Structure formats: C-alpha cells, structure tokens
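Worksheet for the structure shown next.
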Amino acid sequence: MKTLEALLREGSLMLEKAGIGEARLDAWLLLEYVTGRNRAWYFAHSSEQAEEEQEKRYQELCRKRAVHIPLQHLTKNACFMGYDFYVDENVLVPRQDTEILVEQALLLLKEQKSPYILDMCTGSGCILLSILKEIPEAAGVGADLSEPALKVAQRNADSLQVKERAHFVQSDLFSGKYFIQNGSKKQTEYDMLISNPPYIATKEIQKLMDEVRLHDPYMALDGKEDGLYFYRRITAQCGRYLKTGGWLLYEIGYDQGGAVAEIMEKAGFDHIEVKKDLAGLDRVVLGQKNKQEEQDV
C-alpha cells in the first residue's frame, strides 16, 4: 500500500498528463473526499499508509477525473453561495458566475416583506434555495422540465432545511399543470421571477470544454439557434405571474446583454440593467414589470 503523500503525487501527475487545469487541487480534493481528512491532518500524517480500499477508490476517481468527468460529479457536491449542494449528472454544476445573479436578487428583495419567488429552469435548485437560506421569510417555486433534476432540487431543499418554503414542479416553462391552475392574477403572483435558462447557441455547444459538453445535461445548455429562445419565451409569458412592480432577472452569456435587454424592453419592462461579473463580462439582465400589460416578443 502507498503512503498518502505518494497517492497525492500519483493523482496529481495523472491529472496533469490528462490536461486537467487545476490538477494538483483536484487531486487533493479527491483525496480529501476519499479519506474524509482535511489539510491540517494530512500534513501531520502524509507519511502514513492509506487504507487499501481508500487507495483503490482514490485511483478510480482520479482515472475518472482524467477523462474530464467534473470533480463535482465525482464528489456529488458543489459549493454555491457558501452552501453545499448535492449534484449529479442530471443537473448543471453550480458555478461562481451564477452567484452574481443571486446577489442581485438579494439586493432587490432586501426591503421586500415575505417575498415569493419563481425560479424557472431550477436544475439543482441552487438559485432559489440560496435565496431562501439568505431570506428566512421568503418562499418560492422551482420549475424544471427534467424530473431527475427536480429530485436533486428536492434533496437539496431537504438537506438545507428549507423544504417547507420550497415547492418544486415539473413543467415545460409555463405549460405545466401547476401554471395552468395558477395563471390568473387572482391567484399566485410572484415578487420575482429568476432564471438561468439554457443560453448556449446549438452550434456553439461542441466548442465547450469537455466537462460541460460531455457531462452537463444537454437540455440545460441548448438555447436553440441563437441562444435566446428561452429568454423570448419566458419574457413573453411571465407577465401573468409577476406582480406589478415585480422583478425579472436572468443570467446571460457574456455577449447577450444587449439582446436580452431589448427583449425585456419590448415586453414593457422598466429599469432594465445589465450587470457584470467579476471578470467584467455581462452576466445578469434585470428589469421591473410596470403597470402596462406585457406584449409578446
């Protein structure tokens, strides 16, 4: 059997040869996952031999990472907004860029009393559930076409202890039974509709990194011909679900700010803004529903 130090060195070299960008970090995180030990413990015990089962499991996981299976799919965990989320092959891996979307939502909701939120294309539920964790009086609905994704979202709601305030429904945007039953202004209305929809143009998907192209759900990536399909559909239909003065927030691709802002402007939204991420790229478009009835776009 090998020492922990030798295992880490072997894993790092394997991932470096496979072209993994942060090979040593990923090798360490897999070792931490397998052994259940943190860095402080490792530095004090690195010369100790690994248990046989740990060695086999670690080598197996490194081989999987070497063929670009996402680290989070191997550990079944992703950190988002400081919270741990269960993830698997049925959902997009939550990304730091999406935290910009959540942060903007929290700024808009900070003065709102008991806000009610709709998260369209919810996936793992990370957007809605992070908001609910940050605003204890908030509640909301997460909608997704994928039944397996909804099971992941529900699992996360349970583990984050917000299941009483989060309701998940299967729906192709607003076409599902839940929205048909709650599409009247006399019934459910939301203070905010937030969405990270599929926004990659179909022809661009094959250019994405292997971790995304081969392992994220295709339906969570494909924004149809120009990447704007879901922005048009959601914006055209969301008026009957948003309260007057309610907010619509989208995550967008770096080159979609102007186009999505125009879609929202044509639909009658006010106070439209494009927000940038930490890299200075367009990342979020937001706007407020006014009293004028929305038009189709």
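Please indicate, with yes or no, whether at least one residue in the stretch 125-139 is farther than 20 Å from ASP97 by Cα and of a type in the set (Lys, Arg). Taking every residue of the stretch 125-139 in turn, none turns out to be farther than 20 Å from ASP97 by Cα and of a type in the set (Lys, Arg). Does CYS79 qualify as being within 23 Å of ASP210 (Cα to Cα), outside any loop (DSSP other than H, G, I, E, B), hydrophobic (A, V, I, L, M, F, W, C) and out of contact with any Leu (no Cβ under 9 Å at 6 or more places or on another chain)? Answer is yes for this residue.
Regarding the stretch 51-66, can at least one residue be identified that is touching a residue at least 40 places away in the same chain (Cβ under 8 Å) and under 18 Å from ASN156 (Cβ atoms)? No. For SER130, state whether it is surrounded by 15 or more Cβ atoms within 10 Å (Cβ to Cβ), over 17 Å from GLY246 (Cα atoms) and in contact with a Phe, Trp or Tyr (Cβ under 9 Å, 6 or more places away or on another chain). Yes; evaluated as a whole, the condition is true for this residue. Quick check on SER47: is it in contact (Cβ under 8 Å) with a residue 12 or more places away in the chain, among the hydroxyl-bearing types (Ser, Thr, Tyr) and surrounded by fewer than 16 Cβ atoms within 10 Å (Cβ to Cβ)? Answer is yes for this residue. Restricted to the stretch 60-76, and to residues there that are among the hydrophobic types (A, V, I, L, M, F, W, C) and closer than 15 Å to VAL212 by Cα, the residue that is surrounded by the most Cβ atoms within 10 Å (Cβ to Cβ) is LEU71.
Of the residues that make up the stretch 269-277, is at least one crowded, with 20+ Cβ neighbours inside 10 Å and within 18 Å of LEU92 (Cα to Cα)? No.
Only one entry of LEU118, LEU160, LEU101, LEU108 meets the criterion of being surrounded by 17 or more Cβ atoms within 10 Å (Cβ to Cβ) and within 19 Å of LYS76 (Cβ to Cβ), and that entry is LEU160.
Does any residue of the stretch 91-103 turn out to be over 14 Å from the mean Cα position of the chain (by Cα) and either under 23 Å from TRP247 (Cα atoms) or assigned by TED's automatic domain parsing to the domain that holds GLY253 (or both)? Scanning the stretch 91-103 turns up no residue that is over 14 Å from the mean Cα position of the chain (by Cα) and either under 23 Å from TRP247 (Cα atoms) or assigned by TED's automatic domain parsing to the domain that holds GLY253 (or both). Scanning the stretch 224-264 for residues that are among the aromatic types (Phe, Trp, Tyr), assigned to a helix (DSSP H, G or I) and either touching a Leu at 6+ places or on another chain (Cβ under 6 Å) or over 20 Å from ILE180 (Cβ atoms) (or both) returns TYR229, TYR231.
Checked against (1) within 20 Å of ARG95 (Cα to Cα); (2) in contact with a helix residue (DSSP H, G or I) (Cβ under 6 Å, 6 or more places away or on another chain); (3) surrounded by 22 or more Cβ atoms within 10 Å (Cβ to Cβ), LEU221 meets all criteria but (3).
The values are calculated or read from the model by the stated rules, or taken from the named source; none is laboratory data. The shown structure was predicted, so the numbers you read here are calculated from the model rather than taken from an experiment. Cβ sites come from the backbone with ideal geometry, for glycine too, and all protein chains shown count toward neighbours.
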